[in-house]
């Protein structure tokens, strides 16, 4: 795997992403030297975040989800919030992209409600994950084991619970991008 300053990371989101769960990884990964781009559904030149109880920042989009070539990236980051992953999990292109990243053995990092996308992409069965607590039953019904930890790494899938876990989440992304190893069911 590349060093973080040579890595290319894709963040996939739509309107209603949890603002901190997109902005913190975006800013920290860029500060570490990674090239980070944002993909969104067709026709969205920018996407709007959700911050606490209201709309937040607008973020420019670099590419449409349907146009992404998985081979161009080392990792996929999926921010949560309720609206964003709920919208994306019914978007065929978004679900297919998650499947392609998982099938290619790339790092896939999902926080908060974003593991809904992993469920839709059939990437949960037999894996250990964490998430926002309300997704526990969804993960278990999809065949996963839910663990209440700040970050869980299973093979190359990283999951975290909420914005309070962003430090551990971003650190796990960097470590996984730079690592050849893929531990299973461990806290990162």
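Do we have any residue at all in the stretch 165-182 that's surrounded by fewer than 20 Cβ atoms within 10 Å (Cβ to Cβ) and in contact with a strand residue (DSSP E or B) (Cβ under 7 Å, 6 or more places away or on another chain)?
yes
For residue 119, all conditions in the list (1) touching a helix residue (DSSP H, G or I) at 6+ places or on another chain (Cβ under 9 Å); (2) part of a loop (DSSP other than H, G, I, E, B) hold save one; what is the number of the exception?
(2)
Please verify whether the stretch 66-80 includes one or more residues that are crowded, with 20+ Cβ neighbours inside 10 Å, on the phi > 0 side of the Ramachandran plot and touching a strand residue (DSSP E or B) at 6+ places or on another chain (Cβ under 6 Å).
The answer is no; no qualifying residue exists.
Write out, first by first residue and then by second, each pair whose Cβ atoms fall under 7 Å of each other, whose residues are 6+ apart or on separate chains, and whose first residue, in the stretch 172-186, is under 18 Å from residue 149 (Cα atoms) while the second is outside any helix (DSSP H, G or I) and modelled with pLDDT under 70.
Listed by first residue and then by second, the contacts come to 172/188; 175/188.
Would you mention how many residues in the stretch 28-46 are touching a helix residue (DSSP H, G or I) at 6+ places or on another chain (Cβ under 8 Å) and either farther than 25 Å from residue 138 by Cβ or part of a strand (DSSP E or B) (or both)?
The total comes to 10.
This table checks each residue for (1) under 18 Å from residue 173 (Cα atoms); (2) in contact (Cβ under 8 Å) with a residue 40 or more places away in the chain.
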position: 112; (1), (2): yes, yes
position: 122; (1), (2): no, no
position: 129; (1), (2): yes, no
position: 134; (1), (2): no, no
position: 140; (1), (2): no, no
position: 146; (1), (2): no, no
position: 149; (1), (2): yes, no
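For residues that are assigned to a loop (DSSP other than H, G, I, E, B) and in contact (Cβ under 8 Å) with a residue 40 or more places away in the chain, tally how many sit in the stretch 49-102.
Within the stretch 49-102, residues that are assigned to a loop (DSSP other than H, G, I, E, B) and in contact (Cβ under 8 Å) with a residue 40 or more places away in the chain number 8.
Counting just the residues of the stretch 141-162 that are within 13 Å of the chain's Cα centre (by Cα) and within 20 Å of residue 32 (Cβ to Cβ), which one comes out surrounded by the fewest Cβ atoms within 10 Å (Cβ to Cβ)?
Ranking the qualifying residues of the stretch 141-162, first place goes to 156.
Kindly establish whether residue 140 is touching a strand residue (DSSP E or B) at 6+ places or on another chain (Cβ under 7 Å) and assigned to a helix (DSSP H, G or I).
yes
When the stretch 7-22 is examined, which residues are found to be over 19 Å from residue 68 (Cα atoms) and outside any strand (DSSP E or B)?
Within the stretch 7-22, 16, 19, 20, 21 meet the criteria.
Determine whether residue 11 is touching a residue at least 24 places away in the same chain (Cβ under 8 Å), within 27 Å of residue 178 (Cα to Cα) and surrounded by fewer than 22 Cβ atoms within 10 Å (Cβ to Cβ).
no
The values are calculated or read from the model by the stated rules, or taken from the named source; none is laboratory data. As the structure is a prediction and not an experimental result, all values here were calculated from the model. Note that we place each Cβ from the backbone using ideal geometry, even for glycine, and neighbour counts take in every protein chain shown.
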